[in-house]
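Undergrad: Attaching a single structure in structure tokens format; questions to follow.
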Amino acid sequence: MPEHPTSHVPPVEPTGTPVRRRRWPFLAGPAVALAGVGLLAGTLVSPAGATGGGTDPGHPGHPGGPATATVEPFGTAPDGTPVERWTLTNGGVTMRVLTYGGIIQTLEVPDRWGQAENVVLGFPDVAGYAADTDPYFGSIIGRYGNRIAAGAFELDGASYQLPLNDGPNTLHGGPEGFDDRVWAAKPVGGEGEAALQLDLVSPAGDQGFPGTLTTTVTYRLDAEGALTVHYRATTDAPTVVNLTQHSYFNLAGEGSGTIYDHELQIAASGYTPVDETLIPTGEVAPVEGTPFDFRTPVAIGERIRQADQQLLYGQGYDHNWALDREDDGDREGSDAEDGLEKAAVLHDPDSGRTMTVSTTEPGLQFYSGNFLDGTLVGTGGGAYRQGDGLALETQHFPDSPNQPEFPSTELRPGEVYDSTTVFEFDD
Ligand code: GLA
């Protein structure tokens with residue numbers, strides 16, 4: 001359990017209850033913020049170190065300031081392409097986004113005392129993200145989130161073979177997935193928002209996938225500090241698509257220890273059990289009576305060491321939950337018809353931070369950071385060990401191209417892949 005810095009002793013009300021922080025009203029119009037972007041481009045004074053500096057989110061009773069989006073150079077990709085780092089601030093939340101991989105490098109969120117801390121794992125520089133050892137920290141995953149068995153599938157009678165990068169399978173779009181591309185970025189914030197649009201065109205045959213995929217991902221911070229991630233993609237030939245965001249959260253703060261005390265609730269009465277290579281068996285099994293039942297909040301560490309074959313396969317939690325939804329979450333040409341429904345709530349009792357995840361997607365991969373082994377050094381300068389962060393990846397189910405019973409991941413010309421996930425923060 002991390003200690004709070006003594007310099008941030010919580011202000012207490014007479015009852016001893018910590019003062020609840022309020023979301024700051026938006027104070028300046030977006031025209032001001034966006035007009036500023038052009039002027040500020042490349043001239044933003046960079047904070048010393050990736051996690052240093054940042055906008056003071058304010059403290060209870062004091063506003064955090066207007067919505068802003070600013071940019072600075074952030075080195076180069078391995079092929080020499082310049083990388084930008086964007087800083088978005090709104091509603092007391094500050095996030096830093098790299099055009100490399102669309103990576104959320106830092107996400108500063110206030111705790112119940114108004115103390116902002118970075119709650120995602122990451123690297124201080126592009127080299128960390130470009131290395132083969134990067135476990136997809138903070139990145140956009142494409143074209144296909146999670147695994148495709150043997151990297152093979154058939155579509156409209158044609159067979160496709162993808163490069164393998166996870167034992168016998170293809171993981172997260174292959175060895176050169178969307179997490180390793182430099183995206184084009186532009187600020188698009190509307191009234192009271194700080195927002196960044198990222199664009200990428202993936203040519204036909206990229207990592208073995210058919211069709212030219214034209215992809216747009218938008219990060220939007222609203223006046224309440226909620227982060228909306230919107231994905232849109234179109235294709236010029238039949239293909240399969242499954243995009244997600246791979247941030248590793250630690251609501252007690254990056255580098256503060258494990259997430260085993262975090263309480264997690266997942267709105268799912270079923271999950272998809274896997275084989276020893278983490279490919280779904282095709283079954284949607286009831287969570288009832290298993291360590292996979294998170295229908296009411298449970299501390300992550302409570303059952304993670306149980307003698308359960310599925311936990312042994314994953315070395316912890318590394319599974320897809322089939323979300324209980326009002327609608328079916330099926331694509332049927334477009335997800336736009338699907339509603340945003342609550343998928344998960346993550347709560348850190350120590351800091352009081354709570355994150356609520358809502359999505360249009362039918363599945364959620366909960367990965368408890370099992371493969372972090374102390375060899376990666378993060379933004380805060382310390383090593384990441386097993387369980388130091390967790391991912392909640394909203395998605396269609398793993399290996400859907402080979403699982404006819406799962407919601408379809410096919411996308412055809414004329415259809416629009418349209419998917420939304422919202423991360424809301426509370427204290
Ligand atoms: C996903 C997978 C995990 C692991 C991580 C990245 O969550 O399901 O098995 O590969 O990505 O390390």
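The values are calculated or read from the model by the stated rules, or taken from the named source; none is laboratory data. Being a predicted model, the structure only gives us computed values, none of them experimental. We place every Cβ from the backbone using ideal geometry, glycine too, and count neighbours over all the protein chains shown. All accessible areas refer to the heavy atoms of the entire protein, side chains included, with ligands and DNA or RNA removed. Shrake-Rupley method; radii C 1.70, N 1.55, O 1.52, S 1.80 Å.
Undergrad: Please compute the net charge surrounding L164, taking Lys and Arg as +1 and Asp and Glu as -1 over other residues with Cβ under 15 Å from its Cβ. Before the final figure, lay out each step's value.
TA: On the way: positive: R147; negative: D132, D166, E176, D399.
Overall, the nearby charge balance is -3.
Undergrad: Further question on the same structure: I need the peptides 309-319, 352-362 ranked by packing, meaning the mean over residues of other C-beta atoms within 10 angstrom, with the highest value on top. Please list the in-between numbers first.
TA: On the way: 309-319: 18.4, 352-362: 22.8.
Averaged packing, sorted descending, gives the order 352-362, 309-319.
Undergrad: Heavy atoms only, probe 1.4 Å: what % of the accessible area of the stretch 121-181 goes to carbon and sulfur, would you let me know? If you can, show how the numbers build up before the last one.
TA: On the way: 1080 of 2050 Å².
Carbon with sulfur: 53 percent of the solvent-accessible area.
Undergrad: In addition: Using the crude model of +1 on Lys and Arg Cβ and -1 on Asp and Glu Cβ, and no other charge, please compute the dipole size for the stretch 208-326 relative to its Cα centre, in debye to 20.
TA: Values: 6 positive and 16 negative charges, 56 e Å.
Using only the charged Cβ atoms, the result is roughly 260 debye.
Undergrad: Which length gain, in nm to one decimal place, applies between D275 and D324 when the Cα-Cα distance is subtracted from 0.36 nm times their residue separation?
TA: Full-extension gain reported as 15.3 nm.
Undergrad: Another question about this same structure. As an exercise, identify the GluC sites (Glu not before Pro) in the stretch 110-200 lying in DSSP coil whose Cβ has no more than 16 other Cβ atoms within 10 Å.
TA: E176, E191
Undergrad: Length gain on complete extension for the stretch T81 to A383, per 0.36 nm per residue less the alpha carbon to alpha carbon distance?
TA: Extra length available between T81 and A383 comes to 105.9 nm.
Undergrad: Quantify, in whole percent, the carbon and sulfur part of the accessible surface of the stretch 197-260 (1.4 Å probe; protein heavy atoms only).
TA: Of all accessible area on the stretch 197-260, carbon and sulfur atoms account for 51 percent.
Undergrad: On a full-extension model of 0.36 nm per residue, what is the gain between A285 and A204, subtracting their alpha-carbon distance, rounded to one decimal in nm?
TA: Roughly 25.6 nm would be gained on extension.
Undergrad: With every protein chain left in place, what is the accessible area per residue of the stretch 84-155 in square angstrom, probe 1.4 Å?
TA: 18
Undergrad: What's the carbon and sulfur percent of the stretch 282-427's accessible surface, probe 1.4 angstrom, rounded to a whole number?
TA: 46
Undergrad: Does the stretch 142-186 come out rounded, prolate or oblate, given a ≥ b ≥ c as the square roots of the eigenvalues of its C-alpha gyration tensor, rounded meaning a/c under 1.5 and, failing that, prolate meaning a/b above b/c? Kindly include the intermediate steps, with their values, before the conclusion.
TA: Details: a/c = 3.01, a/b = 1.63, b/c = 1.85.
It is oblate, given that a/c is not under 1.5 and a/b is not larger than b/c.
Undergrad: Oh, and also: Counting heavy atoms of the protein chains only and a 1.4 Å probe, report the per residue accessible area for the stretch 241-334 as a whole number of Å².
TA: 38
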